[in-house]
1. For segment 539-657, please list each of the strands (runs of 3 or more DSSP E) lying entirely inside it that holds at least 1 residues being more than 30 Å from Val270 (Cα to Cα) and open to solvent by 50 Å² or more (accessible area, probe 1.4 Å).
2. Taking segment 49-59, which residues are touching a strand residue (DSSP E or B) at 6+ places or on another chain (Cβ under 7 Å) and in contact (Cβ under 8 Å) with a residue 60 or more places away in the chain?
3. Only one of Leu253, Leu244 is open to solvent by 20 Å² or more (accessible area, probe 1.4 Å) and farther than 27 Å from Gly603 by Cα. Can you tell me which?
4. Take the residues of segment 198-215 that are under 20 Å from Ser774 (Cα atoms) and aliphatic (A, V, I, L, M): which is surrounded by the most Cβ atoms within 10 Å (Cβ to Cβ)?
5. Scan (1) open to solvent by 40 Å² or more (accessible area, probe 1.4 Å); (2) at pLDDT 95 or above; (3) hydroxyl-bearing (Ser, Thr, Tyr) for the single condition Tyr342 breaks and write down its number.
6. Which pairs have Cβ atoms under 8 Å, sit 6 or more apart or on different chains, and link a residue in segment 79-103 that is among the polar types (S, T, N, Q) to one that is assigned to a loop (DSSP other than H, G, I, E, B) and surrounded by fewer than 24 Cβ atoms within 10 Å (Cβ to Cβ)?
7. Identify, from the list Leu448, Leu458, the residue that is assigned to a helix (DSSP H, G or I) and modelled with pLDDT of 95 or more.
8. Restricting to segment 140-149, count the residues that are surrounded by 18 or more Cβ atoms within 10 Å (Cβ to Cβ) and either modelled with pLDDT under 95 or over 26 Å from the mean Cα position of the chain (by Cα) (or both).
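The values are calculated or read from the model by the stated rules, or taken from the named source; none is laboratory data. All of these numbers come straight from a predicted model, not from anything done at the bench. Because the Cβ atoms are built from the backbone with ideal geometry, glycine has one as well, and the counts that use them run over all protein chains shown. Surface areas here come from the heavy atoms of the whole protein model, side chains and all, with no ligands, DNA or RNA. Shrake-Rupley method; radii C 1.70, N 1.55, O 1.52, S 1.80 Å.
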Amino acid sequence: MAETLNSFGARGSLSVGDETFTIYRLQAAAEQLGVDLEKLPFTTRILLENLLRFEDGSSVTREQIEAVAQWDPAKEPDTEIAFRPARVLLQDFTGVPAVVDLAAMRDAMAAMGGDPNKINPLQPVDLVIDHSVQVDAFGSADALAINVEREYERNLERYQLLKWGQGAFNNFRVVPPGTGIVHQVNLEYLGQVVMTNEDGEAYPDTVVGTDSHTTMIDGLGVVGWGVGGIEAEASMLGQPVSMLIPQVFGVRLVGALPEGTTGTDLVLRVTEELRKKNVVGKFVEFYGPGLGNLALAARATIANMCPEYGATVGFFPVDEETLNYLRFTSRPADVVARVEAYAKEQGLFRTDATPDPVFSETLELDLSTIEPSLAGPKRPQDRIALSAAKAAATRDIAAEVAAGAGAEPVQIERDSGSFDLSNGDVVIAAITSCTNTSNPEVMVGAGLVAKAAVEAGLKTPQWVKTSLAPGSKVVTDYLNEAGLTPYLDQLGFELVGYGCTTCIGNSGPLPEDIEGAIDSGHLALASVLSGNRNFEARVHNKVRSSYLMSPPLVVAYALAGTTEIDLVNDSLGEGTNGPVYLRDIWPSQDLVQETVGSAVQQGMFQRQYSDVFTGDERWASLEGATGERFGWDADSTYVRRPPFFEDLPREPGSLGDINEARALLLLGDSVTTDHISPAGAIARQSPGAEYLNEREVPQVSYNTYGSRRGNHEVMMRGTFANVRVRNQLVEREGGWTRYLPDGEEMPIFDASERYRAEGTPLIVVAGKEYGTGSSRDWAAKGPALLGVKAAIAESYERIHRSNLVGMGILPLQFRAGETLATHGLTGRERFDILGIDDSLRPKQTLSVLAIADDGTETRFEVMCRIDTPVEVDYYRHGGILQYVLRQLLD
């Protein structure tokens, strides 16, 4: 690393035991600048240290450092800084396309006369394979073995690519499949809190990851957030993350959680409250006396769902609980000592006596007011008190029936007997996701509920597909140690895999008779899961409603078999001695703590993570390509060289207006990245399926869109292919649009091909919160490949806006209160976007001219949501990776 200019005399040393490290002292810089360090939020202090360490006079200037140190909490963000994370974190759904892009960049670099080896990570990169296992088998002792076998069958080419990347790139490690979920592995093992490098420097561990829930590590005192894959790739190659100095929203916690509540109930309340506060694009930082009453695992749960409440980070400062967690998860003693010494020296260690920082805005939350809750049926911020859940489910079912769902139950015949399947029945009950499986209290709680239920004589109804997919093998160890695994097994919660599974839509198929009944009766059925997202068609495209909840409540709803139940007052069913109520089987907090204390052991973490990069025999036996350049297989349907760098000129062209564009889609509010680029199953008779059929891929081997993100041909055909997307240009749900001007309805991909053939640029028009949800860069890559040149929305979610710029798509924002409709427009007009030239500035006002078929013209103004000067450069180059490639050629 180039030596910092050290303009503020911050460079110093810190001795820890026998080691001495170079550090950049925050207090020394604060004294030079005449600011009170204690008034700065902890996250702002970490940004300040980053700039001090990387001050070079160009990407990081004295003025940037002064702006962070003299941060004004009331000021709207307008000062750009260049942040360099300490490491990058990937999962395989986003990691595979990242490796594909890097391999294509090596080819492009060679074609343009450069050195392919310049395309190499300059900082540590870890990729955890967790997104590929599906719940094909469930409810049996061999479910895990079957699902792992099918995972390798489906993903052989993808895994061979990752093995090539592991050998071809420096600073690139892969955690093999079957180990755990990326964010739980990061929390329990990868996260260091304070890092060191070969130059002898010690500095805060910071991370960007290609998954929006990278924020989970914020609970450990590590600043981390999700970015799109293309931005992460640029970061790997040395490009700093361009950002505006953020506002910081403080959440003051007081009190303690009452008996019968969990960390899950708390995070659903936090998500509900912060969504109301519109913290999109802001840092959130937790403080106050209530922090001392929250175990680190509960903090990590709150940090994990940061994308759901819309913030960039949800940060908990380092304190004694952090150190205890590091020790308990078997971090080396010297690492823990370094964390403690560094954090205390730098004013980054919180105690009860620590003065409260000054925040842009604050909210106080009394933990004693938290109540058992769930969230749904289609958004994680829509919290429902457990006591009100039956009424809410009844309303949801009535709304589905009014929208066309059937009203009558469907009878299903099985060898074991017949049963009726009715609206509101639970057909998926999944204990899943790092959000909750990282918290021993709720996992042990689920096991204790299962134990009490089995002992009371309760059984799971046969229409419920049950699964248990922990984020770490440590969970299996402590459930076994506590003697709770047999009871979960008896209720159908057999181990199905160590990965994301149902939380990301890898719920696998429902039994054929269940799917047949749903289709024939047009039933509105439900899923319950301990995950973090429940967007439409995400969990399963046959399920209409999905509810998020704690693992113990997942067990309870599985036993009930329906969402139309008042779990506070209604019985779960008939047990051996009569009706059994939830209160009869719910464990006390004392019992949970006693069980956790005896069953969860430090040695479990040490044992499970001692060879975390080794993998099983299948992984060891995989043979992949070798060499600095990847050998593309022209017949592969999983991995293909993307077209992003084909015929790339050495210099970018001039910017210009977008003329005669057509709207490909006209969308409403809260359109998620799942709507834009679904990760789940590839539907029969879809453009993606047609592509695979032409290559003789049988339906059983379609796999998912998420697993095929290394093949742009599948992904562009799958863009906007979600079965629940509602394009207002047509009357039906799904991936359809109206080709203009003749008005013919056709699949979105087919229409885009017609527009491409005639040279017509495309736009997407949307409402509020466009691009909410996952960080997936294919939600920008896909539209770009379809020919989309701009999006016009009422507002954007942070990561998606950044991804659009990173793919050369111009994000535009309506003026407050304006939409196409307020201008009397239908979306069938031709659109000119005017004022785009080489003098383009961040947040510049541009004009849109809409021309109806009869020649009527309507003009309105929009804000260009390119937010920083560096983003202007990205847009000028056609995208961030094209920009980085040209910079490396220089």
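1. It comes to 571-575, 578-581.
2. Answer for segment 49-59, where residues must be touching a strand residue (DSSP E or B) at 6+ places or on another chain (Cβ under 7 Å) and in contact (Cβ under 8 Å) with a residue 60 or more places away in the chain: Glu49, Asn50, Arg53, Ser59.
3. Values: Leu253 fails: open to solvent by 20 Å² or more (accessible area, probe 1.4 Å).
Step by step, each of Leu253, Leu244 is checked, and only Leu244 is open to solvent by 20 Å² or more (accessible area, probe 1.4 Å) and farther than 27 Å from Gly603 by Cα.
4. Restricting to residues being under 20 Å from Ser774 (Cα atoms) and aliphatic (A, V, I, L, M), the top hit is Val207.
5. (1)
6. Partner pairs satisfying both residue conditions: Thr79/Ile245.
7. Leu448
8. Within segment 140-149, residues that are surrounded by 18 or more Cβ atoms within 10 Å (Cβ to Cβ) and either modelled with pLDDT under 95 or over 26 Å from the mean Cα position of the chain (by Cα) (or both) number 1.
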